[in-house]
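Asker: Can you keep this structure in mind? I'll have questions shortly.
The values are calculated or read from the model by the stated rules, or taken from the named source; none is laboratory data. Small disclaimer: the values here were computed from a predicted structure and weren't measured. Virtual Cβ from ideal backbone geometry, glycine too; neighbours counted across all protein chains shown. Please note that ligands, DNA and RNA were not included when accessible areas were found on the heavy atoms of the full protein model with its side chains. Shrake-Rupley method; radii C 1.70, N 1.55, O 1.52, S 1.80 Å.
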Amino acid sequence: MIKFEIKGLEDYQNNYSKSVQNPEAFWGAIAKENFTWKRPWSKVLDWDFSSAKVSWFQGSELNITENCIDRHLENKGNKTAILFEPNNPIEPSEAITYNDLYKRVNRFANVLKSKGIQKGDRVCIYLPMIPELAISVLACARIGAIHSVVFAGFSASALSSRINDCDCKMIITSDGGFRGSKNIDLKSIVDTALLDCNGIESVLVVKRTNSEVSMVSGRDFWLQPLLDAASEVCEATVMKAEDPLFILYTSGSTGQPKGMVHSTAGYMVYTAYTFKNIFQYEAEDVYWCTADIGWITGHSYIVYGPLLNGATTLMFEGVPSYPDYGRFWSIVETHKVTQFYTAPTAIRALAKEGLEVVKPYDLSSLKILGTVGEPINEEAWHWYNNHIGKHKCPIVDTWWQTETGGIMISPIPNSFEGKPTFATLPFIGIQPALMDENGQEIEGNSVEGRLCVKFPWPSMARTIWGNHQRYKETYFSAYDQKYFTGDGALRDENGHYRITGRVDDVIIVSGHNLGTAPIEDAINEHINIAESAIVGYPHDIKGSALYGFITLKNPQDLSDSLKTEINQLISKHIGPIAKLDKIQFTLGLPKTRSGKIMRRILRKIACKDTSNLGDISTLLNPEVVEAIIKNSI
Ligand code: 7RM
């Protein structure tokens, strides 16, 4: 028998070997012993990277919500499943037990059904971080509807393109959302988005802020009266292992965002197993991940992973700076948080505020600290370790992606510890490879290359919604028979991995992946703008920030308001997170002879690293580069 818990280094090594030598036996055992199935599988794994087809636990049937909720009712019905901490600390927190969650999810699921939602339909969820967000996700899963959560910071046009891409029939939103001292009018953003969405039949509206909203009769419904009328029993729909569980959009380096499709059984097994072991979750622990459920981290490690383990998962509605920068630490103290999982950008922002906002709080409940989203710099790692963990809490630097569904490379606290800036070793079942420029795998230690994965794992995304060809090209074409992550990495003398960052045109700003192409598209909509190129440069707080090089159609059109107008366009098309920090107007952009913008050179200029521009043999217009360097910000 293979234990669900990894019990130390030797156990990790043994299990790792088993998972690589006989993946089917390994994952078959983990899946069989630890979950509720309605029908067993006929084949653990079937895969072919050349056609980008992977299936896990084929032939089996299950419902993930029975694994997240129903099976815990007997022994843990009165345990808190979701601990909700509101934006305003004056408002009381809310403990939702597993019994409560069961009823609330079922009622919600019955409401979905009453509005005509069936298995396989897509439901868009555009909500702030309130319990209804987690509950609506689970309600969809209960009846086999595919949820597509869109982060509530996205603009109306970003929302409508995501709704249309996967033909959502319904959207679930709220009258508004509290974020710090701000009140976001979500319903009016939805109303604007829906002007461009013909497929939406109904809009469910959660009351949160009590702000005035307009309701379209026959289309828009307040949720509460519908819930009140619904039964608290809803039989879980029987799902096949490979039925899609959800779609989640992620930016690519080119084109439209990609609707990554995750399926049911493999995602369940892997998120549960990684959660248990990486966070070392024990029965009485209170686990808190500060991500938003609008991102994959929230899907896998606020909702599914913790609930599959019968954990208490804290959901925070607000922001780290409200009412002051001590808020995170005050929440840790109040709820005696044991595992705390956040992003480097948040750590840097909090470190900048000094220790005065940390010291007043008792952080002694903490056992494990986590980080995710981008490479963590050494300084931030030490601050986290010294001042939050007080040298007593292992730090798990977890590397993974929307596409991977679960954590891929991370320390396992009882087995081996982290080292600053290193995500360390692959999790059980994960077979990384570093590739060189010629497409060959680089063997051995103390090497650096492009990070690939050479064998399937249960929670990998199965396709891009509506475009399998793009899935295959993006992830399985750069290197033969390998999944390409888009990241660079090095492997040190002990075989530990350090992720060095993206090698494509995706820039990670405050932990949000932003493709440069959609930002450039938004800017280029301005009638006075000819062309633009966006690059990232290092930023103390955000990790990377955006620098835009922009050319005007007529240089005399340069006006004082142009920078503001550019950022307004970006906010409208993508969201405020993609606004430019620096804007430089220039008479031209460096181009190759074939007309491609040489972003590589612009990146160096933005990073103030112009002593050696590298190979400029294909550069058509060197005089432009000199001018840009001279005027750079
Ligand atoms: C979970 C998540 C994925 C990209 C990924 C990396 C970067 C994430 C780390 C990291 C260094 C880490 N999904 N990334 N975690 N880089 N160390 N621990 O963030 O799809 O939004 O982003 O994020 O570049 O490819 S994501």
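Asker: Less than 15 Å apart at the alpha-carbon level, and either on another chain or at least 8 residues along: which aspartates and glutamates does that give for LYS207?
Answerer: The qualifying aspartates and glutamates are GLU132, ASP175, ASP185, ASP220, ASP228, GLU317.
Asker: With runs of 4+ DSSP H residues as the only contributors, calculate the mean residue ellipticity of the chain at 222 nm using -39,500 (n - 2.57) per run, divided by the residue total and rounded to the nearest 500.
Answerer: -8000 deg cm²/dmol
Asker: Would you work out which of MET170, LEU133, SER202 lies farthest towards the positive end of the dipole of segment 94-209, given +1 charges on the beta-carbon of Lys and Arg and -1 on that of Asp and Glu, about the Cα centre?
Answerer: Working it through, the farthest residue towards the positive pole turns out to be LEU133.
Asker: Next question. With unit charges on the beta carbons (Lys and Arg positive, Asp and Glu negative) and the dipole taken about the Cα centre of the chain, which residue among TRP47, PRO323, PHE279 sits farthest to the positive side?
Answerer: Comparing the listed Cα positions along the dipole, TRP47 ranks first.
Asker: Grab the beta carbon distance between GLU448 and GLN481, set R0 = 25 Å, and tell me the FRET efficiency rounded to 0.05.
Answerer: Efficiency, rounded to the nearest 0.05: 0.70.
Asker: Output the peptides 212-218, 400-406 sorted from most to least packed, where packing is the average of other Cβ atoms within 10 Å over each peptide's residues.
Answerer: So the order, starting with the most tightly packed, is 400-406, 212-218.
Asker: Same structure again: Given Cα pairs under 8 Å that are at least 6 residues apart, what percent is the relative contact order of segment 486-529?
Answerer: So the answer I get is 24 percent.
Asker: Moving on. How much of the accessible area of segment 284-352, probe 1.4 Å, is carbon plus sulfur, in whole percent?
Answerer: 52
Asker: To continue, here is another question. Take the alpha-carbon centre of segment 533-561, take the same for segment 212-253, and report the distance between them in whole Å.
Answerer: Centre-to-centre (Cα) distance: 39 Å.
Asker: What do you get when you divide the Cα radius of gyration of the chain by 2.2 N^0.38 Å, with N the number of residues?
Answerer: So the chain has a normalised radius of gyration of 0.95.
Asker: Which percent of the Cα-Cα distances in segment 456-510 go past 18 Å?
Answerer: Summing the P(r) of segment 456-510 above 18 Å gives 50 percent of all pairs.
Asker: For segment 382-452, with all protein chains present and a 1.4 Å probe, just round the carbon and sulfur fraction of the accessible area to a whole percent. Don't skip to the answer; put the middle values down first.
Answerer: Values: 1030 of 2430 Å².
It is 42 percent, rounded to a whole number.
Asker: What is the Rg over Rh value, at two decimals, for segment 137-261, using alpha-carbon atoms and the Kirkwood definition of Rh?
Answerer: Result for segment 137-261 is an Rg/Rh of 0.97.
Asker: How would you order 153-162, 300-309 from highest to lowest mean count of nearby Cβ atoms within 10 Å?
Answerer: Going from most to least packed, we get 300-309, 153-162.
Asker: At 20 °C and 1.002 mPa s, grab the translational diffusion coefficient of segment 1-127 from Stokes-Einstein with a Kirkwood Rh over Cα pairs, rounded to a whole number in µm² per second.
Answerer: 116
Asker: Would you work out what percent of the accessible area of segment 89-143, with all protein chains in place, is carbon or sulfur (probe 1.4 Å)?
Answerer: The value for segment 89-143 is 47 percent carbon and sulfur by accessible area.
Asker: Suppose R0 equals 30 Å; then what is the FRET efficiency for THR564 and ASN621 from their Cβ-Cβ distance, rounded to the nearest 0.05? Can you show the working numbers first?
Answerer: On the way: r = 29 Å, r/R0 = 0.98.
Approximately 0.55, to the nearest 0.05.
Asker: If you don't mind, another one. What percent does the relative contact order of segment 439-496 come to when contacts are Cα pairs within less than 8 Å and at least six residues apart?
Answerer: That works out to 54 percent.
Asker: How much length, in nm to one decimal, is gained on full extension between GLN118 and GLU33, taken as 0.36 nm per residue of separation minus their Cα-Cα distance?
Answerer: Values: separation 85, 0.36 × 85 = 30.60 nm, distance 3.07 nm.
Length gained, GLN118 through GLU33: 27.5 nm.
Asker: Want the number for GLN13 to ASP185: 0.36 nm per residue separation, take away the alpha-carbon distance, what's left?
Answerer: Length gained, GLN13 through ASP185: 56.8 nm.
Asker: Right, next: For a test of understanding, tell me how many lysine pairs in segment 1-113 have Cα atoms under 23 Å apart, given they are 8 or more places apart or on different chains.
Answerer: Taking segment 1-113 as the scope, the lysine pair count is 18.
Asker: Could you give the length gained on full extension between ALA530 and ASN88, defined as 0.36 nm per residue of separation minus the Cα-Cα distance, in nm?
Answerer: Fully extending the segment from ALA530 to ASN88 adds 154.6 nm.
Asker: Rounded to the nearest 0.05, what FRET efficiency do ASN75 and LYS3 have when you use their Cβ-Cβ distance and R0 = 25 Å?
Answerer: 0.80
Asker: Please state the relative contact order of segment 367-473 as a whole percent: Cα pairs under 8 Å, 6+ residues apart?
Answerer: Working: 158 pairs, mean separation 21.6, N = 107.
Relative contact order of segment 367-473: 20 percent.
Asker: Looking at segment 491-598 only, what percent of DSSP beta bridges run antiparallel? Nearest 5 please.
Answerer: Approximately 80 percent, going by the DSSP bridge assignments.
Asker: Check each of the trypsin sites (Lys or Arg not before Pro) in segment 535-633 and keep only those in coil by DSSP with at most 14 other C-beta atoms within 10 angstrom; list them in order.
Answerer: Filter output for segment 535-633: LYS553, ARG593, LYS596, LYS608.
Asker: While we're looking at this one, here's another question. Would you mind getting the accessible area per residue of the chain, heavy atoms of the protein chains only, 1.4 Å probe, in Å²? Show your work: numbers first, answer last.
Answerer: Details: 24450 Å² over 633 residues.
Value returned for the chain: 39 Å² of accessible area per residue.
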